1. How far is the Cα center of the range 611-636 from the Cα center of the range 219-289, in Å?
2. How high is the relative contact order of the range 211-269, in percent, with contacts defined as C-alpha pairs under 8 Å that are six or more residues apart?
3. So what is the 222 nm mean residue ellipticity for the chain from helices alone, if each DSSP H run of at least 4 adds -39500 (n - 2.57) and you divide by all residues, rounding to the nearest 500 deg cm²/dmol?
4. Quick check: at a probe of 1.4 Å, how many percent of the accessible area of the chain sits on carbon and sulfur atoms?
5. Restricting to lysine pairs 8 or more places apart or on different chains, what number in the chain have Cα atoms under 28 Å apart?
6. If I fit a long axis through the Cα atoms of helix 406-419 and take the longest principal axis of the Cα atoms of the chain, what angle between them do I get, 0 to 90°, rounded to 10?
7. What accessible area per residue comes out for the range 85-132, rounded to a whole number of Å², with a 1.4 Å probe?
8. Would you kindly give the portion of the calculated P(r) for the range 569-639 that falls above 13 Å, as a percent of all Cα pairs?
Amino acid sequence: MCDPLSRENARGALRHLWLTALLVLLAACNGRDAAAPVSEPTLAQRGEAALTAQRERLAVIAPDLVARGFQTDYEIEVELDEVEGRLVGKQRLVYHNQSGDILDKLPFHLYLNAFRDEHSVFARAHLEHNGVLPAGHGAIDLTRFQLDGRDVLDQAVYPHEPDRTVVTFATHGPLFPGEAVTITCEFTATLPETASRSHASNDFFFVAQWFPKIGVWEATGRDGGRAGAWVCPPYHYFTEFYADFGRYRVVLDLPADFEVGATGVLVNEQHDDQTTRKQLTYIAEQVHDFAWSASPQFVRAQRTFQITPEEVAEARTRFGLTEAQATLPPIEMILLLQPQHSGQKERHFAAMRQAILATGSRLGHYPYPSVTMIDPTYEASEAAGMEYPMLVSLGTHRWMTAADSTLEDLIYHEFIHQYFQGMVATNEFESAWLDEGFTTYLSAKLVHEFFPDRFYYHERLYQLPFTPWWWLGFAPYHPMQDMRDNALRSPVGAPVAQAGPLFRSYVTYYETVYDRAALVLFQLERLLGEAAMADLMRAWFETQRFRHPNGADFVRFAQEHSGQDLASFFEHWLNGDGFLDYAVDHVRTYSDEAATDVANRECYRVIVRNYGDRILPLQALLVFDDGSERLVDWAGGRDWVVSGQAASPLVAVVLDPDHKLILDAYRPNNTWRVDQSDAAARAAAEKGAGVLQHWLQVLAGAIL
């Protein structure tokens, strides 16, 4: 069967040839030299070309999405009051009921009201977990609201009062399947000075979750036939966001000297000489959010990602891709950097290029024409490290050395979010692990690939202009081990698949939906094999992008795609809150002189105990004094007795000899040796002697 991407590439090449021929013909008809320079395309032409290229890519990889049209179509005009940190906006939204259900109400998120007062769900959770209310005041007020031209502002219902982060309006009659409703509103929004994600201070603005955003209708029949329902929860301290895909046309009115980075493609720019302001028009299609940042201090830079023939060949060989799959499309990389960080400009672009190449080769094409990197100010650290469609906020510092790969790790992580948060787009309120866990898993693989010598545990030492970890004799540290230290250090955890608001603390939330979820995926990789896991991840993305899948969807997909029964694995490690700790509990060896098998008189009895309550299949290696070995397998459980006879005495037992059990919380008790009484002391002495020898060599070198 012909690859659709190959057909599309061929069509694109043919269109390019026809366009070139047409330009040459027009030049000849006008009596000009065909080689004469062609005038630069306008901003509008460049923007339309970028959007056209995106539409063509989506028509190939997501034809059903294109065929449905836009479920939400936003047109927003907003003016920034840079002195007061306030937005004044007008919004028109056309919402299409693409479900088979009849709708009678429309809920909207008013996220900035989380910072309005101490009564919001966000503020109460922040106070409970931190002992203080969130700093900074923010709010969003509706000043006009209409449904199909009818004023309904006085009919607003706040279902979670006194929290006002969700408002609901009843429709004027049923909204049947296939019908649309037009919502127009006017609003004012105050950006908080110090708060999660949005920020306004001095002349830096990061604007996220800033407009009235409609909730998501999950249709009847999902998850075993449950009734359809709106998903529009209040803004909680731990959780992030969930919205439908659609189109945004946003006009930003702001000071003329401000540099701006935003979701979407810039298609128009107008300047008002009388007021020293400008109006920028952005269009974004098939995205579920719109965020932007502005400051006169930004240093703007831009590069284009272009894959090379050598990189295409390597991706084909390494990942078994077709030519079309391996040929990633060009992407504009836009960087808005703080002036004091301008020396790190090329470092940002190099890391983003690595992220685009590595993620695209593993998962699939990034269909959007650009990605924008925002470097927030120090005061706006709460807005750092976040992902939005086609835009990421990062975070660096002036003294970041080349040995410190924290910046690269962050860039990898946030770009990978463009796939799992941006395109797969699961419900982050209920299933954050499907984004954060998947992103953490893949970003850890990229960090280990590009920085194999990184020592995670002492990452703070990398901020110094030398490498003290080498002086101290430390060995490289895989990012996966860092996750183990975070997620497995406590026997009392939380279920990975648990909804965000149910976590008892933000630390537990982070350790679970980021690190523990990533470890579950690493464990699944050890069970399936690295190649099979890579194939599973790519297939999951390619089949689920733009579909809002949930955890049950992934469990079903993983079993069907792998052909293995993984029900017990997922039940234990997604829905359970316990831990796994296999240990060699007791070993008895003796010689049976009365044995009938005179060649095998050396008897052994090994008791393996699981001190936790989660299970995984286990393999044990038995080592005998004559050098012979036996491998025995166990499906897993509470206790396991391994007994038998051999020609030579048993001298060692090693559980999980191939280190497949990533989720085994404590590995030192996985080994028993006949002379192990002083093994721990000997290992410590050897380590200490090695470090001492290293220091003596350093000292001798300095003296000599």
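1. Cα centres, the range 611-636 to the range 219-289: 54 Å.
2. Relative contact order for the range 211-269 comes out at 26 percent.
3. Result for the chain, helices only: -10000 deg cm²/dmol.
4. Percent of accessible area from carbon and sulfur atoms in the chain: 54.
5. 9
6. Helix 406-419 sits roughly 70 degrees off the main axis of the chain.
7. Ligands and nucleic acids excluded, the result is 42 Å² per residue.
8. Above the 13 Å cut-off, the range 569-639 has 73 percent of its Cα pairs.
The values are calculated or read from the model by the stated rules, or taken from the named source; none is laboratory data. The model shown is predicted, which means the values in this text are computed figures rather than measured ones. Cβ coordinates were reconstructed from backbone atoms using ideal geometry, including for glycine residues, and neighbour counts include every protein chain displayed. Calculation scope for accessible area: heavy atoms of the full protein, side chains included, ligands and nucleic acids excluded. Shrake-Rupley method; radii C 1.70, N 1.55, O 1.52, S 1.80 Å.
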